[in-house]
Amino acid sequence: MFLLLSGLCAGTRSYGIDSLRLLVDLPALQDQRQLAQDIYYTLEEDKAVRFQLDWYYRSDSGDSLKFLSAQSKELKLSAAQHNYRLYYTHKDCTQLEVNTVFAAAIRQTEGLLPVGKYSCKLLILSGNDTLSEARFTKLVDTLISSTTLFKENILNLLQQSATGKQVLSERSLSGLKNSYKDKTAPLLNRSERKLDKYLRGRNLYYKRSAGADKEVLRFYSDSFFMGSITLPKNASFSMAHQQERQKLRTFATDLTNTGLESMESLNSQFRKISERQENEKEITGNIFLSGNTSNGQEPNAMQDNRYYELGGDINLPVLGIPVQLTGFYTSQDRNRQAKASYFKISYDAAKAKEQLTELVHVFSGQYDQVNAKSKSYGMVYQQYIQSLKTEQGGLLRQMKGQFNELGGADMNSLSEEGIKQLLEQRLQEIAIKAKEKADSSGNVADAKAYADSLKIQATAKYEQAMKQYEKLKDYEQKIEHYSTLLEQYSKMVHYDSLMAYSKVKDLKNIESMSTKDMAKKAGAILPEGKARSFLTGLTNLDIGMLNHYVSDYTQSGQMMKGIDLGYDVGVAQLGASYGNTQYISRSGDIEQYKVLGLRSMFKPVAKQNIGLVVLQLLTGKKSV
C-alpha cells in the first residue's frame with residue numbers, strides 16, 4: 001500500500017540534545033504477526049532513552065480514533081545504527097494500549113493499514129526529562145501496492161479461478177491472450193463465491209465497481225476501508241498478473257514510491273520487494289527420459305541393448321537460498337561394476353550472488369534518482385513557497401486596514417475567536433452610540449436606523465475579515481505543508497544514505513566478494529534477519545556425487561560421493577569434504593576409500609590469494 005508521507009509535521013523540538021534527529025514510518029506487521037515501528041534517528045553518542053508514541057487515525061469521513069499508545073522500556077540507542085525497531089508488545093513496552101478492532105484489521109489483511117490520515121506524537125524520554133518531541137502526519141493511499149502479501153493472495157486466487165494454476169508457461173499465456181474466460185469481468189463473475197469465502201474467513205468483505213476500461217475491488221474490515229485493487233477490464237488477466245510477477249522478480253523500479261508525497265524509506269520498500277520476491281520464486285528445471293530397445297542381446301556384449309535413462313536438473317528455493325538438484329540414472333548400471341548413475345544437491349552460490357548483485361545495483365540506481373528528485377523538488381517548491389509568502393504578505397497588509405475598521409487588532413495573534421470578539425466589541429460600541437443619539441435627539445426611530453446601518457457595515461466588515469483570515473490560514477497551511485514535505489523528503493534521503501547507500505555505493509570488485517560480505521553491506525535492504533542469516537556465509541554446499549576438484553593431485557580419475565561444505569568465517573573461506581572415493585585401477589578393479597579433506601582459502605591480501613588444502617585417506621578396500 002502506498003504510504004504517502006504528506007507531512008504537516010510540526011517539526012522536531014529537542015531539549016538539551018541538539019544532535020538527536022527523528023523520523024518514523026507507519027506501524028507495520030512484522031514476524032509472528034506483531035505490530036512494530038521503525039524509528040530513524042541520528043546521535044553523536046550512544047544514549048539510553050525511552051520512546052513514547054501516540055498514533056491517531058482519521059478516516060476520509062472525518063472520524064478520529066486513537067488506535068495505539070505505547071511507552072518503551074529503557075533502551076540504548078547506538079550512534080552507529082541510525083534506526084531502531086520497536087515491537088508493540090508487553091515484552092518491549094512498559095505501557096501499551098492497542099485498539100483491538102484496528103489491530104485485527106491489519107492482521108486480517110496481512111499488513112495493510114486502513115486508508116486515511118495518520119498522526120503521531122513521538123517523545124524521547126530520559127528519566128523524567130523530555131529530550132525531544134516530534135509530530136508527524138502520514139497518509140495511506142487507496143491503491144494497494146503490488147509488494148503486499150494481501151494483493152498477491154487475491155491475484156493468485158483469481159489466477160486459479162482463471163486457469164486452475166498459479167503459474168503458467170509462456171505457451172499457456174499465449175493461448176489465453178484472446179480468451180474470453182481470461183478477461184477480468186467474466187473472471188470476477190466466476191470467482192465471486194471463492195472470493196467471498198476467502199474474505200469471510202478473515203472477517204473481510206469487498207465491493208466491486210466497473211468503469212469503461214477497468215474493474216475495481218474495494219476491500220473492507222469492519223468499518224475500515226483497507227484499499228482497492230484495479231484490474232484492466234478487457235485485457236487478459238493472466239498476462240497482466242504474470243507481468244506484475246515478473247516486475248517483482250526483477251526488482252522493477254516502478255514498484256517503489258519516490259514522489260514528494262508518496263515517499264517511503266527506500267530501505268523499507270526494498271525489504272518488502274525482497275520478501276515478495278522470495279514468495280514469487282518458482283521451481284524450474286529440465287527432466288528427460290530416453291530408452292533403447294532391441295530384438296535381442298549380442299553374445300558377449302558389454303552394453304545392454306535394452307535400457308532406459310532418466311535425468312535432469314531442478315532449481316528451487318530452500319530456506320531462501322537457491323538449490324539445484326541434479327541427477328542421472330541408467331538401467332545399465334544393474335549389470336555394471338562401475339556405476340554411471342549419480343544424484344547431487346548443490347547450493348547455487350553463483351545464483352545467490354547474482355540476485356544480491358542485482359538488488360544492490362537497482363537500489364543504487366533508485367537512490368540516485370531519488371536524490372536527484374530531492375534537489376529538483378527543492379528548487380520547484382521553494383519557489384512556490386516564496387510566492388505563497390509574497391501573497392501572504394500582501395493579504396496581511398489588506399487585513400490590517402480591514403481590522404482597523406473593526407477596532408484594531410494585533411496581527412501577530414489573529415484567531416477566529418479574536419475576530420469574533422472584535423465584532424462584538426464593535427456592536428457594543430454601535431449600541432452605545434445609538435443610545436446616545438436617541439437621548440440627545442429624542443428620535444428613537446432615527447437612532448435605531450442609524451444603529452442598524454452601522455451594524456450592517458460592521459457585519460459586512462466581519463464577514464470580509466473572516467474570509468481574509470481563512471485565506472490567510474490557507475496560505476499558512478500550504479507554506480507549512482510544503483516546507484514539511486521538503487524537510488521530510490530530505491530526511492528520508494539522508495537516512496537511506498546512512499543506512500544503505502553509503503555502504504553499497506562504492507562496492508568494488510563484486511565478483512571477488514563473498515555473498516556474506518555483500519549481504520553485510522546490503523543488510524538494510526534485505527528482509528529482516530536475512531543479512532545475519534547463517535546461510536549467507538555458505539560458499540558452497542554439495543551433497544551426493546562431487547564433481548569438482550579439491551586437489552589436482554588426488555582427484556584426477558576419481559569419483560567422490562559424500563558431502564562438501566564451504567563457509568566464509570571472515571578472514572578466510574573454510575571448507576571440508578567427507579565421503580567415499582572410488583578409483584579404477586589399470587587392471588579394471590575398483591578401489592574405494594573414505595576420504596576427509598580440509599581446505600582454507602584466506603581473504604585477499606595485496607591482491608594475493610593463499611590457500612591450504614589437506615587431504616587424508618581414512619580407510620581403503622578393493623572391490624572384487
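A few comments on the model shown:
- Total residues in the stretch 355-384, condition in contact (Cβ under 8 Å) with a residue 60 or more places away in the chain, of a type in the set (A, V, I, L, M, F, W, C) and more than 20 Å from Ser268 (Cβ to Cβ): 0
- Residues that are more than 20 Å from the chain's Cα centre (by Cα) and assigned by TED's automatic domain parsing to the domain that holds Gln488 within the stretch 348-372 comprise just one, Ala372.
- Within the stretch 43-71, being surrounded by fewer than 17 Cβ atoms within 10 Å (Cβ to Cβ), under 23 Å from Asp496 (Cβ atoms) and touching a strand residue (DSSP E or B) at 6+ places or on another chain (Cβ under 8 Å) holds for one residue alone: Asp46.
- When residues of the stretch 569-587 are limited to those that are modelled with pLDDT under 80 and among the hydroxyl-bearing types (Ser, Thr, Tyr), the one nearest to Lys603 (Cα to Cα): Thr581
- Residues of the stretch 101-127 classified as over 18 Å from Asp54 (Cα atoms) and either without any contact (Cβ under 8 Å) to a residue 12 or more places away in the chain or touching an Asp or Glu at 6+ places or on another chain (Cβ under 6 Å) (or both), total: 1
- Among the residues of the stretch 505-520, the ones that are crowded, with 20+ Cβ neighbours inside 10 Å and either modelled with pLDDT of 75 or more or assigned to a helix (DSSP H, G or I) (or both) come to 4 in all.
- Members of the stretch 72-87 that are within 19 Å of the chain's Cα centre (by Cα) and buried (at least 17 other Cβ atoms within 10 Å of the Cβ): His82, Asn83, Tyr84, Leu86, Tyr87
- Apart from one condition, Leu316 fits all of (1) of a type outside the set (D, E, K, R); (2) assigned to a strand (DSSP E or B); (3) over 21 Å from Asn540 (Cβ atoms); the exception is (3).
- The residues of the stretch 110-155 that are part of a loop (DSSP other than H, G, I, E, B) and either of a type in the set (Asp, Glu) or more than 30 Å from Ala240 (Cβ to Cβ) (or both), listed by number, are Glu110, Gly127, Asn128, Asp141.
- Residues within the stretch 59-109 that are outside any helix (DSSP H, G or I) and over 17 Å from Leu123 (Cβ atoms), tallied: 23
- Yes/no for Arg208 being charged (D, E, K, R), buried (at least 17 other Cβ atoms within 10 Å of the Cβ) and in contact with a helix residue (DSSP H, G or I) (Cβ under 8 Å, 6 or more places away or on another chain): no
- With respect to being touching a residue at least 12 places away in the same chain (Cβ under 8 Å) and not in a loop (DSSP other than H, G, I, E, B), Ser209 falls outside the description.
The values are calculated or read from the model by the stated rules, or taken from the named source; none is laboratory data. No experiment lies behind these values; they were computed from the predicted model shown. A quick note on method: Cβ atoms are made from the backbone with ideal geometry, for glycine too, and the neighbour counts reach across all protein chains shown.
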